[in-house]
Structure formats: structure tokens, C-alpha cells
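Enquirer: Quick one: the structure is below, and I'll ask about it shortly.
Rule-based calculations on the coordinates, nothing more; no lab input. Remember, it's a predicted structure, so these values are computed and weren't measured experimentally. Heads up, the Cβs are rebuilt from the backbone with ideal geometry, glycines too, and the neighbour counts pull from every protein chain shown.
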Amino acid sequence: MSISHRRSFLFGLSSTVLLVPLRAVHSQPSDFTLTIARKYKSGDCTSGYLAVNGNVIAYTLELPWKGNVPFISSIPVGQYKATLRYDHTDQWRIELQGVPDRPFVQIHTGNTPDDTEGCILIGTRLGTDLCSVLDSKAAYAALRTAFYGSPNPNATPNKSITVSVED
């Protein structure tokens with residue numbers, strides 16, 4: 001739920017809710033929680049959206065479910081801890097930990113299922129075929145900015161990262 005959606009939801013309730021200070025609504029949590037909500041599944045792909053601390057910021061694209069077989073399947077539904085990686089050419093990735101039988105599952109840029117071997121791709125728009133994402137680099141920049149709180153960070157904040165994958 002976005003902040004503006006929360007705001008309109010809150011204003012629709014009793015006036016006592018309005019006493020909550022705005023800084024509480026806008027404060028940056030020390031934890032970084034990503035939710036991947038899968039909304040479309042076919043034999044070609046799985047797509048949905050990515051929310052950061054409850055705010056939807058991107059669409060997601062994964063391979064179709066094929067029994068969690070590495071390189072050809074999306075990952076199982078579940079909650080995963082994650083870490084940052086700085087060793088790839090894009091210099092920043094979120095890698096999920098503890099995915100059963102699947103090391104190195106990451107969130108990264110890409111546009112079609114051919115751009116992944118079981119990782120999660122993000123984009124600012126979902127293609128009309130529901131099996132592609134567009135403007136992946138812009139979505140990736142938004143995710144990075146959401147984590148650091150700035151498009152040009154000078155330090156890594158001390159945040160735990162949790163990724164929930166939901167059907």
C-alpha cells in the first residue's frame with residue numbers, strides 16, 4: 001500500500017487516527033522488507049509486483065514454476081533472508097539466502113524470461129504479454145534508492161533484508 005493510499009485510507013477513518021504524527025508514516029524502517037506478489041502464471045513465465053516495506057515500486061518477472069529445478073524454474077513461495085552483493089558488473093544486487101537447492105538467486109535487471117536462470121527480474125512496466133518487464137534499469141535504480149534512502153549513497157545502512165515470495 002503506498003503512502004498516498006495509506007493517507008486516503010486513514011483520512012476515511014475516525015478523526016482519532018489523524019493524531020498519528022506524519023513522521024511515523026514516513027519514517028524509514030531499519031529493516032528492508034521486499035514482497036514479491038505473483039499475480040500471473042503461465043507455461044512461459046510468472047509475473048507480479050515488488051513492494052518495498054509495503055510500497056509497490058516495480059513489476060517482477062520470473063521463470064514459470066517447474067518444480068524448483070535450477071535454471072528453468074521460479075523459486076518456491078517462502079520468506080528468505082537476503083544479503084547485498086557488490087561483485088557483479090552492475091555493482092549491486094540483492095541475493096536471497098536459504099532458497100531450497102538454489103544458491104545465488106538474485107534480484108536484477110532483465111526484460112524477458114531468457115534474461116534469467118531462476119532469478120527475479122524487475123521493471124517499471126509489465127509488457128502486454130505479461131511475460132516481459134520494461135524499463136528494468138529504472139526499476140533497479142528505484143530499488144537501490146529505496147534501500148539506501150538516496151540515489152547517491154555514501155555508506156551502506158545497517159538494515160536486515162527479508163524477501164517474501166507469495167502466490
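Enquirer: Applying a 10 Å radius around every beta-carbon, put 103-115, 48-60, 148-160 in order of their mean neighbour count, most first.
Expert: Highest mean packing first, the order is 48-60, 103-115, 148-160.
Enquirer: Can you pull the one-decimal nm distance between simple spin-label points at T162 and A138, each 7 Å off the Cα toward Cβ?
Expert: Once both label points are built, they end up 3.2 nm from each other.
Enquirer: Can you give the net charge of the other residues whose Cβ lies under 11 Å from the Cβ of L84, counting K and R as +1 and D and E as -1?
Expert: Values: positive: R85, R93, R144, K159; negative: D87, E95.
After counting each charged neighbour, the total is +2.
Enquirer: I want the local charge near C131. Using Cβ-Cβ distances under 14 Å, sum +1 for each Lys or Arg and -1 for each Asp or Glu among the other residues.
Expert: -1
Enquirer: I would also like to ask the following. Using the Karplus curve 6.51 cos²θ - 1.76 cosθ + 1.60 with θ = phi - 60°, work out ³J(HN,Hα) for each residue of segment 83-88 in order, rounded to whole Hz, and write x for Gly and Pro.
Expert: Karplus values, whole Hz, x for Gly and Pro: 10, 8, 10, 10, 9, 9.
Enquirer: Let me know the charge dipole size of segment 28-166 about its Cα centre in debye, to the nearest 20, where only the beta-carbon of Lys, Arg (+1) and Asp, Glu (-1) is charged.
Expert: In debye, rounded to 20, segment 28-166 gives about 300.
Enquirer: Would you give the gap between the C-alpha center of segment 45-104 and the C-alpha center of segment 123-142, rounded to a whole Å?
Expert: 15
Enquirer: In nm, what is the difference between 0.36 nm times the number of residues separating D44 and S150 and their Cα-Cα distance?
Expert: Answer, rounded to one decimal: 34.6 nm.
Enquirer: Run the simple label-point estimate for D114 and L84 please: 7 Å along Cα→C-beta, distance reported in nm.
Expert: 3.3
Enquirer: Of the peptides 90-101, 130-141, how do they stack up when ordered by the mean number of other Cβ atoms within 10 Å, highest first?
Expert: 130-141, 90-101
Enquirer: Read phi for every residue in segment 66-80 and hand back ³J(HN,Hα) as whole Hz from Karplus 6.51 cos²θ - 1.76 cosθ + 1.60, θ = phi - 60°, with x for Gly and Pro.
Expert: Result, ordered by residue: 9, x, 6, 6, x, 6, 10, 10, 5, 8, x, 4, x, 10, 10 Hz.
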